[in-house]
Structure formats: structure tokens, C-alpha cells
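What follows is a short report on a single structure.
The values are calculated or read from the model by the stated rules, or taken from the named source; none is laboratory data. Values in this document were obtained by computation on a predicted structure and should not be read as measured data. Every residue, glycine as well, gets a Cβ built from its backbone with ideal geometry; the counts of neighbours run over all protein chains shown. These accessible areas exclude ligands, DNA and RNA; they are computed on the full protein's heavy atoms, side chains included. Shrake-Rupley method; radii C 1.70, N 1.55, O 1.52, S 1.80 Å.
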Amino acid sequence: MGHMLNNTIQDVLVRRKRMQGFNTLWVPGTDHASIATEAKVVNKLKQEGIEKSSLTREKFLEHAWEWKEKHGGIILEQLKKLGASCDWSRTRFTMDEALYESVIKVFIDLYDKELIYRGVRMVNWDPQALTALSDEEVIYKEVQSKLYYLRYRIEGTEDEYVTIATTRPETILGDTAVCVNPEDERFNHLEGKNVIVPLVNRVVPVIRDSYVDMEFGTGCLKITPAHDINDYEIGIRHKLKSIDIFNDNGTLNEKAELYIGMDRFECRKQIVKDLEAAGNLVKIEDYTNKIGCSERTDAVIEPKLSLQWFLKMEELAKPALDLVMNDTIQFHPAKFKNSYRHWMENVRDWCISRQLWWGQRIPVYYTPDGDMVAAENIEEALSKAKEKYNLPELKAEDLTQDEDVLDTWFSSWLWPISVFDGIRYPENEEIKYYYPTNDLVTAPEILFFWVARMIMAGQEYRNDIPFKNVYLTGIVRDKLGRKMSKSLGNSPDPILLMEKYGADGVRMGMLLTSPAGNDLPFDESLCEQGRNFSNKVWNALRLVKGWEIDESIPQPDTSVVAVKWFEARFNSTLKFIDEQFEKYRLSDALMAIYKLVWDDFCSWYLEMIKPAYQKPIDRKTLDATIAIFDKLMRVVHPFMPFLTEEIWQLIKDRKEGESIMVAEMPQPEAFDEQLLKQFETAAEAIQSVRSIRKEKNIPFKDEIQLFVKKNNESADLTFDPVVKKLCNLSELTYVDEKVDDALSFILHSTEFYIPLTESVDIEAEIAKLEEELKYTEGFLKSVEKKLSNERFVNNAPEQVVAMERKKQEDAQNKIAVIREQLISLRH
């Protein structure tokens, strides 16, 4: 559902620009998702009784490509069903030859610039995928854990102990020190002493370091440099030995001395029992903490010392931060600038190696002595190694290539450049024409994974930004507020939704509640609303196409004013829609379009111009209506491409090859605001008359009279023909006196009277007026309270204050009229 939202937004933006005459390009493609794909392939092979370890790298890659060919195109076919108007001939994949070679070239370039290095570091290890992860691929979850208090005997004593608190008792097998804060006077007696690690009886020193929080646990910390990032850094400062007790798959190895081969979580259960039996377990407390999990496999991450490849980030991050903070690249909504800045100011070196086979293999070759060179192929590596290390006798078979592949994001960060082949051929015409791009639509959770890194790559390889605008979508959530995910099973199948409601219905349903950057509370009824809208437009087409034309009929007054009014309404809405698009407020733009079509066109305009039952329509009105329908379909098109294309083709004859996709998007023209205000008053009068008909059970086919007493306002006759038609009036007359024996209503300070054949219930009329008086007085009070607030009057925009004063005046006039009517009725 998230992909569906994202791609619908992209399609709306690109279709609109195409209709505005831009040469638009939307490049589709997929990445190779190294961790997720390799896990799927390994799983599939397991089901066939094949272990990955029994295959050569080449054979495994054959299986991976086979899986990709079978499953990789599914999402692209789904996007076509959704109506995504990409240039499908340009579809790219991050393992395509051109993109693969681009990644290799960039690695070598950064290696030669000494921005890429290899080193033993504490990394996030995924014991299920058997690979290192970057910091951004770790999701932290709050869990209910236990805090175990364990006692370590002080060496040289019989019964003196220090107590430490830990959430991971199994890691005591790798302890190489106990640490206290130098400011903590409780432990002054431990200076220079050693303690004995329980069960393995290892003697370790008591050290002092200001990292220790005196308030946490007992104020005494066990130090396991191989299995905790903070312990690792303390270990470096104090030159401690590091004991790695875990195998890559999360089981214990020989260095643990005990529980060898046991899974880490099974070991935890067992070691707690053994510590209790040995008298080393003091107590257990419930404890809430956050644990890191793999974004891809959900396995609990194991901090692990590992030899990995890293990219230095500090000097790449600085220009990428400035470009966003100074709005050269604009985020929509701008609130995400803060989290972007926080991440960029605290950036750590990027672990770019993965212990996998599916992906771009690291282009580093080792000599028998362990010296290394980075090269595009073995021939180039041989030449470089011979020269660099003065090895004239070296042969190609003496070199071995690094086994690891690069992080998938290391290919995705080049996407805006590599899809135009701008890494291999930096001066080619396409990269010069299309780069930088305009808009990126993506999710906030990959702001750092992808957006930040594309900005860095753009600066490094084009000395330019990759895009001007970043539209950040919200997360699609279910009715309970939970994120939609496959694992929760709360995500509907987008294809089934499209089959049920139509692609246009689903697109509209998703966009009606998707303000940029805010979560989208998805409800299937929104898709139903989208489908109902499609039906409404389709029925409007059937109505208009069903009218017969009589060329001899002149255009009625109602139709003259209806066409003028709708043109004004259309241009007013169009101006608002343009403003919303400029702010990337697509939901607000769509809602305005929805109301323009449903309310203004279908409910008002068509009713105004509709000929009487089985009567023909005049040519002028029909031509104007077809032109309006055409323009409306163009405005709706970016949101609902299928329906609008079909209707646009049907409303009038088109030439071969004509399509709404490249029809011109209407531009807002000047409009008469006064006309729109006049219509609002007329519409209120029409609705009030309809309410009285309903209340008094007066059938619409029965004509009635309407008398209007203007009081403080001058008479405006513009919409009188419309009022007469839509209220089925035999006459509409302006009077100076109150009309007796009539039902009445008041709009602003104008009185309306409908004479009735039977006598009027005076008491009911008085009760109705008293209720209206009470409401209007309450309304006036709230307006006057606002206007008496100096801060509001001085700080609010001028037009807002003017609007409140107008409300005040209207309410005062209305109250005066109601009071006069009450006096009249009571006498």
C-alpha cells in the first residue's frame, strides 16, 4: 500500500507536468535488495534440499537470477495496472551491466581517494542473514526484558563481592574487566584490585571510566569489548583483551569455554540457572529496554567485531547538509529538515560490505602477501599490483578477489546519475539534459538510507544536486493506527482493491487522506468513495450525451448565467488547485477538484441547464457544456487517468492518436468574484425554499410564489432565472412590505415569503424565529468576543479581521429583521 501511495503521487505530478507542456520523464526500475533476495533464494533452495554451502558462487548466482526473472517484474506490472505513466522502455535494474559497472567505478574512485578503507570495527551483525548491516538498517524496538544482578568475587578474599547488573548474562563468558566511575566513592576500596568472572573463573581487573552511569544498576559495569559498542570503546581506551564468544549464526564458540554450540537465547536460560546454583545470582528485575533488530530479517542484532569495508562520511555529509538547510533542495513538508540535520551532524562511517553473494562484488584483489588493489577486472588488478608492490613475477592466478558484495544502497545512491549512464559517460547528452531531476517522492524512513546519500553522490560525481524537491509521504496505517505490513497481515492486496473499485477509485481513495509527511489512515470506504465519484462522472456523461439538440431554440437566461457562473467557479478553483500543487498539497488539490465536479458541476450546473423532461437543449448551451466537461476531465486526469481518457474520447470526436495525456492543462483565467458571491446567496435561497417544500410536503411539480423584501440590501437579479427554475416558481417578486399568511425565512437581512393556501401556524412561526434569534445572538456574541481581543485585531491578516466585521454586521442586521418579524407576528 505504501508503494501504491508513493507511485500514485509520482504519477499525479508527472501527468500534470506533461499536460502543462513539459518534456517529462519518469524512469522506472528496481534494486536488487541483496539481503532480502538472498534470504528468499536460500529458503527456496532449502525447500529443494539444496544448501547454499554446497554450491559455487556462480551456481548460486544462476539461481538468484532465475528468481529475479520470475519475481522481479511483478511490481512493474502492478504499477502499469495502477496507471503509472513511466517510460517503460527505460526500465533499469541495479544489477544491469551499466549500473553494475557504475558501482564498481565509484568504489574504485573512492578507494583511490582514500575515502574507502577496510578495518576491524564493531558492526551490527545479523545472525540470520549472516551479514553486517549499516546503522540505518537496524530498527530499535522497545521490549520487556529482565535485569540480572550478578556477583563477582573480589580476588584474594573469601566472601567479598561486587554486584553488576546486565540484561545479557550469557556475555559474561566474554568479560575482560569490571568498570566503575572514578567519581563513585562507593568503590574506592576496589582500586588496583581484580575480580573473578563467575563459572569460567577468569581473573579480570577493576578499571575506572567516566562512561559508567553511577545511577544505573549498581554503578558497577561488566565490560565485554567483543559484544557491546560502548564496551568496545572502553576496551580500546584501557587496552583490554577482546574475547568473541559467538559464531556468526549466534551460537557460542570454543572461546566461551562453556555451552559451546548452544544458541545465545538458549544459553541465557541455562546460564541463569547455573549462576543461581553457583550462588552468583543476586536477584532478577523486570526491565524495559530497546533492542536492535534487522530491518530485513527481524533477527536480534549482535554487536560484533568484524573486518569490514567502510566509507568515510564526514566530508561527504557536510555539503549535503548545507544544500537542504539552505533550501537549495526543498523538503515537503519542511519539518523533516530537523531529523535530516540531526542525522547528518552525527553521521558515522558507512559499513558498505555485506557477507553475501547476490550483489556487486567488491572489486578488491589481494596478493599472496595480503596487499591489495582496487580494479575493474583481474587484468587491471594484475597490472596495478605489479606496479604498486614491485612484483614483476606476479600472475593473475596468484590474485584473489574479496568475497563480499556491496550494500544495495551503494548502488541505489547513484540512481539519478546511473540511470542516465552518467558515471561511465559523464559528458553524455542524456545526463546533461535530464540531470538534475525535479522531484523525488519517497518515504521518511529512507531519508538517510537513500535521499541523503543521493545528495552526497550528486555532489561528488556531478557537483550538482540530484533533485530540487523531496516529497515525503506518510506511512499507510490501518484503522487501529498500526503500520500496514505483510507480517501483521493488515495490508490489503492492491491488485484486489483495483479489481473491486477500479484503479482510479483506489488512486482517489489513497490520495483523499494523504497530506505530505503525515500518516495515512487507510479505510477501504475511501476507495468506494473514489468508485462512486467515477460513477457520478459517468452518469453525468450519459445525461449530457442523451440530450437532443434543437438548433432553433435560443439560449435560456438560466443557461446564460449558469455558464458564466461555472466559468468563474472553474477559474477560481483552478487558481486554488495551482496554489496547492506549488505547496505539494495534493490531497487539498484533489478535494477541491472533487467538490468542483460533484457539487458545482453535477449538483448545480447540470441542474441549472438541464432541459425539461423529454425536451431538447439549445446548441449554445450544449457546446458550452461539452467544453466545460472537456476542461474538467483534463483537471481530473492526473488523479484518475483511465476514466478521464475514456470520457474525453467520448464527449467529442477526436483525431487518430489524440490523447488526454498530452492535452493542454487549463490555465486559470480572470474571473468575476462578485458573481460567485451572488451565486452563494442565490444557492442559500434555493436550499431554504427546498427545505420548506420538504417540511410542508409541497411536491416539486406544484409551482409556488416567492416574495423578496430586501431591507438593507439592494436587489440583485443576476440569478433570479436560476432561482425560478430550481425552485419551480410561478413568480418571483420584490416587495417593500411584509407578506401576510406566508411562510418566511431570512438570509443575511433579506426576508423571503412563500404565500400558502392554508392558514399559517403563528405559534410555530414564532417558535422558529425565536430559535433562530437565539442562535444568531450566540453567533454574534462569539464574533464580538473575537473582535474585542486586541491581539487578534492587531495581529490577524487584514482580510480575516474584515471578514469578522462583515459577519458582525450581517448578524446585527439579521437580529433586527427577526425582532421586527416577531413584533409583527405578536400583534
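Is one or more of the residues making up segment 301-314 assigned to a helix (DSSP H, G or I), under 20 Å from residue 414 (Cα atoms) and under 44 Å from the mean Cα position of the chain (by Cα)?
Here is the first cut: in segment 301-314, the ones assigned to a helix (DSSP H, G or I) are 314.
This time we only want the ones that are under 20 Å from residue 414 (Cα atoms), so: 314.
Next, only the ones that are under 44 Å from the mean Cα position of the chain (by Cα) stay: 314.
Scanning segment 301-314, I find at least one residue that is assigned to a helix (DSSP H, G or I), under 20 Å from residue 414 (Cα atoms) and under 44 Å from the mean Cα position of the chain (by Cα), so the answer is yes.
Among what's in segment 384-401 and is touching a Lys or Arg at 6+ places or on another chain (Cβ under 7 Å) and in a loop (DSSP other than H, G, I, E, B), pick the residue that is nearest to residue 36 (Cα to Cα).
We begin by selecting, within segment 384-401, every residue touching a Lys or Arg at 6+ places or on another chain (Cβ under 7 Å); these are 392, 394, 401.
Filter once more, keeping what is in a loop (DSSP other than H, G, I, E, B): 392, 394.
Values: 392: 43, 394: 39 Å.
Across segment 384-401, the extreme among qualifying residues is 394.
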> Of all residues in segment 43-68, which are open to solvent by less than 60 Å² (accessible area, probe 1.4 Å) and under 21 Å from residue 361 (Cβ atoms)?
Replying inline: 45, 52, 55, 57, 60, 61, 63, 64, 67, 68
>> Looking at the structure I just gave you, is residue 137 over 21 Å from residue 269 (Cβ atoms), of a type in the set (D, E, K, R) and open to solvent by 40 Å² or more (accessible area, probe 1.4 Å)?
In response: no
> Just one of the numbered conditions (1) assigned to a loop (DSSP other than H, G, I, E, B); (2) on the phi < 0 side of the Ramachandran plot; (3) open to solvent by 20 Å² or more (accessible area, probe 1.4 Å) is not true of residue 463; which one?
Replying inline: (2)
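Of the residues that sit in segment 328-353 and are under 12 Å from residue 469 (Cβ atoms) and over 16 Å from the mean Cα position of the chain (by Cα), which one is least open to solvent (accessible area, probe 1.4 Å)? Let's see the steps before the verdict.
Here is the first cut: in segment 328-353, the residues under 12 Å from residue 469 (Cβ atoms) are 328-334.
Checking the rest, the ones that are also over 16 Å from the mean Cα position of the chain (by Cα) come to 328-329.
Details: 328: 65, 329: 0 Å².
Out of the qualifying residues, it is 329.
Can you tell me how many residues in segment 423-443 are open to solvent by less than 30 Å² (accessible area, probe 1.4 Å), touching a residue at least 60 places away in the same chain (Cβ under 8 Å) and of a type outside the set (Ser, Thr, Tyr)? Outline the logic, then answer.
Kept after step one, since they are open to solvent by less than 30 Å² (accessible area, probe 1.4 Å), are these residues of segment 423-443: 423, 431, 435, 440-443.
Now drop any that are not touching a residue at least 60 places away in the same chain (Cβ under 8 Å), which leaves 423, 441-443.
Imposing the further condition that a residue be of a type outside the set (Ser, Thr, Tyr) reduces the set to 423, 441, 443.
Total meeting the criteria: 3.
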> If you take the residues in segment 578-603 that are assigned to a helix (DSSP H, G or I), surrounded by 20 or more Cβ atoms within 10 Å (Cβ to Cβ) and touching a residue at least 60 places away in the same chain (Cβ under 8 Å), which one is farthest from the chain's Cα centre (by Cα)?
Replying inline: 601
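Would you pick out the residues in segment 693-705 that are open to solvent by less than 30 Å² (accessible area, probe 1.4 Å) and in a helix (DSSP H, G or I)? Lay out the reasoning, then the answer.
Here is the first cut: in segment 693-705, the ones open to solvent by less than 30 Å² (accessible area, probe 1.4 Å) are 693, 704.
Of everything in segment 693-705, just one residue is open to solvent by less than 30 Å² (accessible area, probe 1.4 Å) and in a helix (DSSP H, G or I), namely 693.
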> Do any helices (runs of 4 or more DSSP H) lying entirely in segment 706-803 carry at least 3 residues that are crowded, with 17+ Cβ neighbours inside 10 Å, and which ones are they?
Replying inline: 720-727, 762-787
> Right, residue 629: aromatic (Phe, Trp, Tyr), over 18 Å from residue 722 (Cβ atoms), open to solvent by less than 10 Å² (accessible area, probe 1.4 Å) and modelled with pLDDT of 95 or more or not?
Replying inline: yes
> Would you pick out the residues in segment 235-267 that are open to solvent by 60 Å² or more (accessible area, probe 1.4 Å), more than 17 Å from residue 211 (Cβ to Cβ) and not in a loop (DSSP other than H, G, I, E, B)?
Replying inline: 254, 255, 265, 266
> Considering 474, 505, which residue is assigned to a loop (DSSP other than H, G, I, E, B), open to solvent by less than 20 Å² (accessible area, probe 1.4 Å) and in contact with an Asp or Glu (Cβ under 8 Å, 6 or more places away or on another chain)?
Replying inline: 474
> For segment 153-172, what are the residues that are closer than 25 Å to residue 286 by Cβ and in contact with a strand residue (DSSP E or B) (Cβ under 7 Å, 6 or more places away or on another chain)?
Replying inline: 161, 162, 163, 164, 165, 166, 167, 169, 172
>> Take the residues in segment 181-206 that are in contact with a helix residue (DSSP H, G or I) (Cβ under 8 Å, 6 or more places away or on another chain) and over 16 Å from residue 165 (Cα atoms); name whichever of them is surrounded by the most Cβ atoms within 10 Å (Cβ to Cβ).
In response: 199
>> residue 624 - would you say it is surrounded by 20 or more Cβ atoms within 10 Å (Cβ to Cβ) and more than 18 Å from residue 12 (Cβ to Cβ)?
In response: yes
> Of the numbered conditions (1) buried (at least 17 other Cβ atoms within 10 Å of the Cβ); (2) not in a strand (DSSP E or B), residue 292 satisfies every one except a single condition; which is it?
Replying inline: (2)
